[in-house]
Amino acid sequence: METVAPFIEVIDEIKEAGGEVFKLCFQCGLCDTVCPWNRVRQFSIRKIIRQATFGLTEIDGEDIWRCTTCGNCPRHCPRGVKQIEMGMSLRRIASAYEVFPASVRPARTARASLISEGNPLQFERKKRGDWAKDLSVKTFAEGMEVLYFVGCYLSYDPRMKKDATATANILKKAGINFGILGDKENCCGESIRKTGSEEVFKSLARENIKTFIENGVKKILVSSPHCYHTFKNEYPEFMVNFEVVHASQYVLELMNAGRLELNKEYGKKITYHDPCYLGRHNDIYDAPREALQKIPGLELMEMADSRKNSLCCGGGGGRIWMDTPKSERFSDLRLKQAKEVGAEVLVTACPYCITNFVESRLNLEFDDVLEIKDITEIIQEVI
Ligand code: SF4
Ligand code: SF4
């Protein structure tokens, strides 16, 4: 077993990242009670915190890579311990020493692809804007109302491209003067930062900020809650502030302003899954629900574990790139909750959630039971 104790600078790094805050932990164990991992297997963030306090973390094990940064334990902790930040510092150490267990190695591949191509999916940079070729989407130019920052999954992933198309169609229908950056867009860097690759995050962020400034960007529309979170809460670390709006908020804004008319019915029972980075991390719970409830014929039902208590899909914190055994996927539990409540469609607003849900749908053989949709796909059907 390799621990971090022999490396004195490493102990300093843990302290720096969590400050003295994690020392406040009095081992009550509440964090473990609310952690989604304990619904599928044993996992103790409390134990990791205890070990880190003494510099005795096992940096070569799987445990420091488990946290999906779902945000549930920090909000329950009576002592204000910053579990996510502490976990990131441990991953920074493991990354610095290039210690990755087998299940985490795909994240290293994602990192290499981010460095060379600006996306984690090993696609060519120059093909980033190809999804929009037949849709007559313009390249962003100064003076346009909004920059649509598409994000990596919606630019390249065959399933997620449908959501980029739906968003572009909605914007066109509403008469919005918008553009995209095409191959000048880089990954926002949110998830790679959570895996401990701080320098890669900084480099991606600087590139994006430079492009935004050079192109006179003021308002940014995003489809991913991860882009939303990092533009809103992390890019200000570089002394910049852009107006950021998530697609689920923007469609509501357009409806309320009378710019988006709903002309058709959607006669299905749906349930909405709160992505961690939209809900818990940014308090956006109402906008997507309000937008959905405006659709004629649609019946919205709530699952167990909704809003603040939402059950993580398992994709945050870079876990979207890591291997998770079939028996340990939170997304399977979520699909079962959607089925239990009688929903025909599980709607959400995050590319990671959709990717995990689509895979669970396949594994659980729920093809005839449940559809998985992004909120923009539903809106596109009724305008
Ligand atoms: S909830 Fe907070 S105080 Fe309690 S064990 Fe977890 S980190 Fe420590
Ligand atoms: S942030 Fe979420 S996944 Fe991470 S340890 Fe806390 S409850 Fe578990």
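The values are calculated or read from the model by the stated rules, or taken from the named source; none is laboratory data. Note that the structure is predicted; figures quoted are calculated from it, not measured. Backbone-built Cβ (ideal geometry, glycine too); neighbour counts: all protein chains shown.
Summary of values
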{"quantity": "Meets criteria (touching a strand residue (DSSP E or B) at 6+ places or on another chain (Cβ under 6 Å), assigned to a helix (DSSP H, G or I) and surrounded by 19 or more Cβ atoms within 10 Å (Cβ to Cβ)) for Leu171", "calculated": "yes"}
{"quantity": "Members of segment 74-83 found to be surrounded by fewer than 21 Cβ atoms within 10 Å (Cβ to Cβ) and either in a helix (DSSP H, G or I) or within 7 Å of ligand 2 (Cβ to nearest atom) (or both), listed by number", "calculated": "Pro74, Arg75, His76"}
{"quantity": "Answer residue from segment 98-155, given it is modelled with pLDDT of 95 or more and among the β-branched types (Val, Ile, Thr) and is nearest to Leu204 (Cα to Cα) among those", "calculated": "Ile115"}
{"quantity": "Answer from Leu254, Leu262 - the residue that is assigned to a loop (DSSP other than H, G, I, E, B) and touching a residue at least 40 places away in the same chain (Cβ under 8 Å)", "calculated": "Leu262"}
{"quantity": "Members of segment 28-44 that are in a loop (DSSP other than H, G, I, E, B) and either at pLDDT below 95 or within 21 Å of Cys276 (Cα to Cα) (or both)", "calculated": "Cys35, Val40, Arg41, Phe43, Ser44"}
{"quantity": "So Lys308, is it over 27 Å from Arg111 (Cα atoms), in contact (Cβ under 8 Å) with a residue 60 or more places away in the chain and surrounded by fewer than 18 Cβ atoms within 10 Å (Cβ to Cβ)", "calculated": "yes"}
{"quantity": "Any chance Gly71 is on the phi > 0 side of the Ramachandran plot and within 16 Å of ligand 2 (Cβ to nearest atom)", "calculated": "yes"}
{"quantity": "Pair list, Cβ < 6 Å and 6+ apart or interchain, from segment 38-54 residues that are over 23 Å from Pro325 (Cα atoms) to residues that are hydroxyl-bearing (Ser, Thr, Tyr) and more than 9 Å from ligand 1 (Cβ to nearest atom)", "calculated": "Gln51/Thr57"}
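Quick grid of which residues meet (1) in contact with a Ser or Thr (Cβ under 7 Å, 6 or more places away or on another chain); (2) modelled with pLDDT under 95; (3) not in a helix (DSSP H, G or I):
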position: Thr271; (1), (2), (3): no, no, yes
position: Pro275; (1), (2), (3): yes, no, yes
position: Ala291; (1), (2), (3): yes, no, no
position: Met303; (1), (2), (3): yes, no, yes
position: Cys312; (1), (2), (3): yes, no, yes
position: Ala338; (1), (2), (3): yes, no, no
position: Asn356; (1), (2), (3): yes, no, no
position: Ser360; (1), (2), (3): yes, no, no
